[in-house]
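Structure first, commentary second.
The values are calculated or read from the model by the stated rules, or taken from the named source; none is laboratory data. Keep in mind that this is a model prediction, so the values were computed, not measured. Cβ atoms come from the backbone with ideal geometry, glycine included; neighbour counts cover every protein chain shown.
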Amino acid sequence: MTSYKEVDDLFVSKHKSKINLLIVTATATEKETLHKYLKPIPGYSDILKIQVGKHTYFVGQFGAFYAVHVACNEMGSTGRSSSIVTTSDAINTWSPSVVLMVGIAFGKDETKQEIGDVLVSERIIPYEPKRLGKDETISRAKEGPASSLLFDRFKSVTGWDFKQEERAPEIIYGGILSGEKLVDDPAFKAELFKDHPEAIGGEMEGAGIYAACDQKVNDWILVKGICDWGENKDNPDKKKHQVLAIESAVDLCAFVFNSPFGFKDVSLVAQDEVLKTDFSEDRGAIPEWMFKKEKSLAKEIRNED
């Protein structure tokens, strides 16, 4: 069971320069699964819990990097505790270099996809904006391209050997639909994919992530596991399928972000490399660029005076 330690919000101003990966989730199941993959940062035996304003943040090590996690208190993109507000506040508080949203989604075609397969966003396709004319309805959606660097790292995955019920999930890349509706109607779903045949699936928070990151964080991406098909959401296997989906998505993200060298261009520095550095007064092996910035935190997490 994951354990937590509350710390003062002064931790943010003192150490946020070292915590450049922001992870966002939208449901309790997503949060619970993600926290199983978080490790305490060196010097602590628990995941850190920090309350700032109306949000609660959790700090730990995810893959090779320090990360901060925030959970939306409601589904969708536009409510007062939805993805756009929650992510915007987190960006203003932590100034991350990378934003990752991980969670669950509905798939496009159950004859070609499986529960637990993982959708990786090349772009987000908001389907809500429309022009409602007398004779026709025209989509006014403005697509949001995800980070080309992050997309490349997920597209270039090799060696991921995660399995669900003896099956290795597929990774599916492309555009992901995003809107405020909890899609549970085959006719409405069919209309969505008729309007956007290139889409690979859909969900409710991606448009908010895209909007929150616009002009603030260039490197963001959405990674979500398929838990249903946009219909019959109250089936008896609902919870089981949600768990399968989020476990696949989180495990893939942890695998990708365990790369010690793949994210230097977006200011993510692998923590094992930092902690092995000699932080003595004569600088030892400290690179010049990190001498002033990293020395105090390194001493603190090593419990040095």
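Consider the range 146-176. How many of its residues are within 21 Å of the chain's Cα centre (by Cα), at pLDDT below 95 and outside any loop (DSSP other than H, G, I, E, B)?
1
Suppose we keep only residues that are under 23 Å from LYS36 (Cα atoms) and in a helix (DSSP H, G or I) within the range 68-94. Which one would you say is modelled with the lowest pLDDT?
Taking the candidates together, the pick is SER83.
Checking the condition at pLDDT below 95 and of a type in the set (Lys, Arg), which residue from LYS224, LYS239 passes? Quick ask: steps written out before the conclusion?
Values: LYS224 fails: at pLDDT below 95.
Only one candidate passes the filter, namely LYS239.
Sort out which residues of the range 177-186 are assigned to a loop (DSSP other than H, G, I, E, B) and either surrounded by fewer than 17 Cβ atoms within 10 Å (Cβ to Cβ) or at positive phi (or both), and write them in order of number.
LYS181, LEU182, ASP184, ASP185
For the range 4-28, enumerate the residues that are at pLDDT below 95 and of a type in the set (Ser, Thr, Tyr).
Scanning the range 4-28 gives SER13, SER17, THR27.
Report, ordered by the first and then the second residue, all pairs with beta carbons closer than 8 Å, sequence separation of six or more or different chains, a first member in the range 142-163 that is within 18 Å of VAL266 (Cβ to Cβ) and surrounded by 15 or more Cβ atoms within 10 Å (Cβ to Cβ), and a second member that is among the acidic types (Asp, Glu) and at pLDDT 95 or above.
ALA146/GLU122; SER147/ASP219; LEU149/ASP219; LEU150/ASP219; PHE151/GLU122
Can you find, within the range 1-36, the residue that is surrounded by the most Cβ atoms within 10 Å (Cβ to Cβ) among those that are of a type in the set (Ser, Thr, Tyr) and under 13 Å from the mean Cα position of the chain (by Cα)?
Looking at residues that are of a type in the set (Ser, Thr, Tyr) and under 13 Å from the mean Cα position of the chain (by Cα), I get THR25.
To keep it simple, each residue is scored yes or no on (1) part of a strand (DSSP E or B); (2) in contact (Cβ under 8 Å) with a residue 24 or more places away in the chain; (3) under 23 Å from LEU149 (Cβ atoms).
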{"residue": "SER17", "(1), (2), (3)": "no, yes, yes"}
{"residue": "LEU22", "(1), (2), (3)": "yes, yes, yes"}
{"residue": "GLU30", "(1), (2), (3)": "no, yes, no"}
{"residue": "PRO42", "(1), (2), (3)": "no, yes, no"}
{"residue": "SER45", "(1), (2), (3)": "no, yes, no"}
{"residue": "TYR66", "(1), (2), (3)": "yes, yes, yes"}
{"residue": "PRO96", "(1), (2), (3)": "no, yes, yes"}
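Taking the condition at pLDDT below 95 and either closer than 20 Å to CYS253 by Cβ or surrounded by 15 or more Cβ atoms within 10 Å (Cβ to Cβ) (or both), does ALA190 pass?
No.
Determine if the range 40-54 includes at least one residue that is modelled with pLDDT of 95 or more, of a type outside the set (Lys, Arg), under 26 Å from CYS227 (Cα atoms) and buried (at least 16 other Cβ atoms within 10 Å of the Cβ).
Checked against the condition, which is being modelled with pLDDT of 95 or more, of a type outside the set (Lys, Arg), under 26 Å from CYS227 (Cα atoms) and buried (at least 16 other Cβ atoms within 10 Å of the Cβ), the range 40-54 yields no hits at all.
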